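Asker: Supplied in structure tokens, the structure appears directly below.
Each reported figure results from applying straightforward, stated rules to the coordinates on display, with no laboratory input. Just so we're clear, the structure is a prediction, and the values are computed from it rather than from any experiment. All Cβ positions, even for glycine, are placed from backbone atoms using ideal geometry, and neighbour counts span all protein chains on display.
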Amino acid sequence: MNNLAALRLYFHQSARLEPRTVWDRLNARSVADHVLKSAHLEGIGQVLVHQVHSGYLAGDKPSVRHIEGAHPRLPHCIELIDLESTLREFWAKHGTLLKEVRALFMPCEALLPENA
């Protein structure tokens, strides 16, 4: 179970963590910020935050990014790449905090250049 894999998380740009304290209610952290910082602290090999220009999540209407701002329901995508076991541990630890996040787990095949 130590093959390379990707964990892709899809959610609305405006998604926030559920507040646990009074301070959290005043300063709710975004899901994107939480995933990026937590993944870095836990040593996930690679994390990408994809800039979505248009799209929709299940049950929503299509949204488009505008130069003056983004619609709060515009999709966000964060991709984590590491060993399968590491990603499963990360999801087990953080998945309960990430309500309304659609997670896709994808086994990967690393390709090497022909001259390598």
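Asker: Within the P(r) computed for the range 26-71, what percentage of the Cα pairs occupies the region above 16 Å? It would help to have the intermediate numbers written out before the result.
Answerer: Numbers: 603 of 1035 pairs.
Tail of the P(r) past 16 Å holds 58 percent of the pairs.
Asker: Taking the Cα centre of the range 42-97 as origin, work out the dipole magnitude from +1 charges on Lys and Arg Cβ and -1 charges on Asp and Glu Cβ, in debye rounded to 20.
Answerer: Numbers: 5 positive and 7 negative charges, 56 e Å.
Once rounded to the nearest 20, the dipole reads 260 debye.
Asker: Kindly list the residues of the range 59-87 that lie in the label zone of S30, defined by a backbone N under 13 Å from the point 7 Å along the Cα-to-C-beta vector.
Answerer: It comes to 69-78, nothing else.
Asker: Then there's this: Please rank T86, T96, fewest neighbouring Cβ atoms within 10 Å first, as an exposure proxy.
Answerer: Numbers: T86 19, T96 9.
Ascending number of Cβ neighbours within 10 Å: T96, T86.
Asker: Let me ask you something else. Give me a comma-separated list of calculated 3J(HN,Hα) values for the range 26-38, in order, Karplus coefficients 6.51, -1.76, 1.60 applied at θ = phi - 60°, integers in Hz, x for any Gly or Pro.
Answerer: With the stated coefficients, the range 26-38 comes to 7, 9, 5, 7, 6, 4, 4, 4, 4, 5, 4, 5, 5 Hz.
Asker: Normalised by the residues of the chain, what does the relative contact order come to in percent, with Cα pairs under 8 Å and at least six apart? Before the final figure, lay out the partial values.
Answerer: Values: 184 pairs, mean separation 51.2, N = 116.
Here the relative contact order equals 44 percent.
Asker: Between V64 and R16, what is 0.36 nm times their sequence separation minus the Cα-Cα distance? Round to one decimal in nm.
Answerer: Working: separation 48, 0.36 × 48 = 17.28 nm, distance 2.03 nm.
Roughly 15.3 nm would be gained on extension.
Asker: Points 7 angstrom from Cα along the Cβ direction at L4 and E89: gap in nanometres?
Answerer: 2.0
Asker: Let me ask something else about it. Which Rg and Dmax, in Å, describe the Cα atoms of the chain?
Answerer: 15.8, 57
Asker: Tell me the angle of helix 84-94 to the major Cα principal axis of the chain, expressed in degrees between 0 and 90 and rounded to the nearest ten.
Answerer: Computed tilt is about 20 degrees.
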